[in-house]
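To keep things clear, I will list the structure first and then write my remarks on it.
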Amino acid sequence: MEQLMRDFFLFLSKNKTLTKLAKKYGLRFGASRFVAGETIEQAVEVIKQLNKKGLAVTVDYLGEFVDNEKEANEMANHCIEAIQAIGREKLNSQLSLKMTSMGLDISDDLVMRNMRRILEMAKEHGVFVTIDMEDYSRCQKTLDIFKQLKKEYDNVGTVLQAYLYRTEADIEDLKDYRPNLRLVKGAYKESPEVAFPDKKDVDDNFKKIIKMHLLNGNYTAVATHDDAIIEYTKQLVKEYNIPNDQFEFQMLYGIRPERQEQLVREGYTMRVYVPYGTDWYGYFMRRLAERPANVAFVLKGVLRK
Ligand code: FDA
């Protein structure tokens, strides 16, 4: 049943008509639990509140699968606006973005032009930029672009997904770039030809790649809400004397906020991924796919109205 619901919401997440409708009608159905607002001003207020609690942030202007140059350029402008806001308001925040919103599906030239614009501005304001990882079909291209950009800029990192068979090899392949990587389980619907179908295998691979990347001496962001993975990381860094400034935990805005604050109290760097913008639909559907309790929460919200 859980798998069926997961597949259903992942299927819905790709629906273009619903994506357009969602943009038009604004944040609905409890999405504001997971999305900080539709404007940069609203996002800044949320980031300030999180920073006050000792939580670091990575802010994301929502958008994906852009199919025309004009929109891709506008998306990049929004990212630049967010970087300027981080600088102006002196926020403890990085930036996250998706390559398909920068024009990945249109042309390499376009995506590189937009990424360089963003990374120049980010460098000026001392802001680190993480390239989110999308579905498997874009993985190789995203890594190729990341490698190219990493030769030109220090302030860029990316994400690897534990559910992909290829990820162990990618950790090895990227090692010499000394990359700051966010490690996650993976949020898209993938075929068993490229990704572990069983949760247990994903969890085992997650632990494996966390260990590999940390022991390679590279900065590691462990992005999960899973206590078993968090405890594993804590034990690992203790066992190998890995300093607290070589890793951090990350969670999504609106998910396990008490746990986030508890990790800060324990002395760890805890970064919250804060999405904002009008293109909230796909992101919201992936959160519903992850956890039936999130669906129950949304249904309660809808029924109360
Ligand atoms: P999972 O969903 O398996 O949950 C494991 C356990 O965590 C649960 O059994 C429960 O114990 C606990 N838990 C989870 N939610 C809870 C809740 N609301 N309340 C209480 N307990 C809860 N994906 C991707 O493909 N590309 C990307 O670039 C990113 N980026 C990204 C950034 C950040 C900061 C995060 C946190 C995640 C991503 N992801 C991602 C998403 C990621 O791949 C994954 O889909 C989600 O994090 C869910 O997986 P978990 O590791 O949290 O474990």
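The values are calculated or read from the model by the stated rules, or taken from the named source; none is laboratory data. Keep in mind the model is a prediction, meaning the values are calculated, not measured. Don't worry about glycine lacking a Cβ; one is built from the backbone with ideal geometry, like all the others, and counts go over all protein chains shown. These accessible areas exclude ligands, DNA and RNA; they are computed on the full protein's heavy atoms, side chains included. Shrake-Rupley method; radii C 1.70, N 1.55, O 1.52, S 1.80 Å.
Each row is one residue, and each column tells you yes or no for (1) of a type in the set (S, T, N, Q); (2) under 15 Å from His213 (Cβ atoms); (3) without any contact (Cβ under 8 Å) to a residue 60 or more places away in the chain.
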position	(1), (2), (3)
Met121	no, no, yes
Val127	no, no, yes
Ser137	yes, no, yes
Gln140	yes, no, yes
Leu160	no, yes, yes
Ile171	no, yes, yes
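Going by the conditions given, is Tyr273 within 12 Å of the ligand (Cβ to nearest atom), part of a loop (DSSP other than H, G, I, E, B) and of a type in the set (Phe, Trp, Tyr)? No. Picking from residues in the stretch 186-196 that are charged (D, E, K, R) and within 15 Å of the ligand (Cβ to nearest atom), the one that is farthest from Leu252 (Cα to Cα) is Glu190. Going by what's in this entry, would Arg265 be described as away from the ligand (no atom under 12 Å from the Cβ) and open to solvent by 50 Å² or more (accessible area, probe 1.4 Å)? Yes: the conditions hold for Arg265. Among the residues of the stretch 74-96, is any in contact with a Cys (Cβ under 8 Å, 6 or more places away or on another chain) and either open to solvent by less than 40 Å² (accessible area, probe 1.4 Å) or closer than 30 Å to Thr17 by Cα (or both)? Yes, that holds for at least one residue. Screening the stretch 215-226 for residues that are outside any loop (DSSP other than H, G, I, E, B) and more than 6 Å from the ligand (Cβ to nearest atom) and picking the one that is most open to solvent (accessible area, probe 1.4 Å) gives Leu215.
For Asn51, the test of being touching a Ser or Thr at 6+ places or on another chain (Cβ under 9 Å), surrounded by fewer than 19 Cβ atoms within 10 Å (Cβ to Cβ) and over 22 Å from Met285 (Cα atoms) is passed.
Taking Glu120 and the conditions (1) away from the ligand (no atom under 13 Å from the Cβ); (2) of a type in the set (Asp, Glu); (3) open to solvent by less than 10 Å² (accessible area, probe 1.4 Å), which numbered condition does it fall short on, given that it satisfies the others? Going through the list (1) away from the ligand (no atom under 13 Å from the Cβ); (2) of a type in the set (Asp, Glu); (3) open to solvent by less than 10 Å² (accessible area, probe 1.4 Å), Glu120 breaks only (3). When the stretch 150-185 is filtered for residues that are more than 14 Å from Ile131 (Cβ to Cβ), more than 13 Å from the ligand (Cβ to nearest atom) and open to solvent by less than 50 Å² (accessible area, probe 1.4 Å), only Ile171 remains. Of (1) closer than 14 Å to Gly186 by Cα; (2) within 10 Å of the ligand (Cβ to nearest atom); (3) open to solvent by less than 30 Å² (accessible area, probe 1.4 Å), Lys199 satisfies all except one. Which? Among (1) closer than 14 Å to Gly186 by Cα; (2) within 10 Å of the ligand (Cβ to nearest atom); (3) open to solvent by less than 30 Å² (accessible area, probe 1.4 Å), Lys199 violates only (3). Could you check, for the stretch 235-258, whether at least one of its residues is away from the ligand (no atom under 13 Å from the Cβ), at pLDDT 95 or above, within 26 Å of Lys48 (Cβ to Cβ) and not in a helix (DSSP H, G or I)? Within the stretch 235-258 (the criterion being away from the ligand (no atom under 13 Å from the Cβ), at pLDDT 95 or above, within 26 Å of Lys48 (Cβ to Cβ) and not in a helix (DSSP H, G or I)), the answer is yes, since at least one residue qualifies.
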